[in-house]
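Shown below is the structure under consideration.
The values are calculated or read from the model by the stated rules, or taken from the named source; none is laboratory data. As the structure is a prediction and not an experimental result, all values here were calculated from the model. Cβ atoms come from the backbone with ideal geometry, glycine included; neighbour counts cover every protein chain shown. Heavy atoms of the whole protein, side chains included, go into the accessibility calculation; ligands, DNA and RNA do not. Shrake-Rupley method; radii C 1.70, N 1.55, O 1.52, S 1.80 Å.
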Amino acid sequence: MTRVDLNLLPALDALLSERSVTGAARRLKLSVSAMSRTLTRLRAVTGDRLLLQAGRTLVLTPYAEQLSQRISALTREVEVVLSRTKHQFDIATLEQRFTLRVGEGFIDLLGAALMDRIRSLAPGVQLRFAPKPDWNAQPLREGVIDLEIGIVKTSAPEVRTRLLFRDRYVGVCRIGHPILSARSISVEQWAAYDHVMTSRTGEAENSIDTTMEPPNMRRKILMVVPSYTNAMQLVRHSDLLAVVPHSCLGNSFVPDYATANGLQCFELPVPIPAFNISAIWHPRLDHDPAHCWFRAEVLDLCLEAYPRNLPQASPQRHR
């Protein structure tokens, strides 16, 4: 569009509306001579005379008559598109679907609370929880996913992150499991029982096993499942042991989740570092008011659910 000068649109709109070079100049706060030169340019661009002398007045050519029926709306639309306006939206009337990629534990323990919170403020909003088979950032880049919640494992340099809460791993077993009879569980006691391991990728190896030394003290993994909630249900009905994030045991919305599911937790006999649970999104959504509001609601929800784990003060670029 190198030959198109959008500055001519307001001038054309004024000339066709006023049907006067003097009136159009007054409307756009230009000199009459400047507006006359602009009319000459418009005639050259359109290939039409646009305004013709008819006695003491100017009249529109047939082509100008056609333009006059659409030029005002077109000018307003171009100004809206190309101007830096504040996008206003009403939360109460917002109708939008937000797609989240989260683990099953978040859905089970916070999904209902999040929906209740959003519905009370924006009844027209729909939440869609998408599967989380991996940590690929491409769905965020493509707009398939609006917000991801979990550990930041993507190598995409442009994504934004915000710490929601700190988490740590604990052991779980069924209530009444023999391992609970020990005052302090040793590595030998822990490794003596069969285990179910959670692996989103299906690989039967993780940082917990590599932490244990010597190699002959590694857990005996009988089952590998894709989610922590799967592992918790298997442990509930067997003598298997599992390792899950502490956040999976409950929160302020469901404080007795583990007990209600027949589970009891214990401290692991091996030191496992704590980790961050973050909100992850693409920078193209940084300043969208609806997405800013939604991310703030997710953050407030996590603060209420896990009040002891305070997040950082500002969004971070992923490094």
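Compute the accessible area per residue over segment 1-126, keeping the other protein chains in place, probe 1.4 Å, unit Å².
On a per-residue basis, segment 1-126 sits at 66 Å².
What whole number of Å gives the distance from the Cα centroid of segment 104-124 to the Cα centroid of segment 214-288?
21
Heavy atoms only, 1.4 Å probe, whole protein assembly: order H246, H282, H287, H195 by accessible area, highest first.
From most exposed to least exposed: H287, H246, H282, H195.
Solvent-accessible area per residue for segment 229-283 at a 1.4 Å probe radius, Å²?
Ligands and nucleic acids excluded, the figure is 41 Å² per residue.
About the Cα centre of segment 93-188, what is the dipole size in debye to 20, counting +1 per Lys and Arg Cβ and -1 per Asp and Glu Cβ, all else neutral?
220
Expressed as a whole percentage, what fraction of the accessible surface of the chain belongs to carbon and sulfur atoms when a 1.4 Å probe is rolled over the protein heavy atoms?
51
What is the log10 of I(q)/I(0) for the chain, computed with the Debye formula using one identical point scatterer on each Cα and no solvent, at q = 0.12, 0.14 Å⁻¹?
-0.88, -1.07
Now, a different point. Enter the Cα centre distance for the pair segment 134-165 and segment 43-61, rounded to the nearest angstrom.
58
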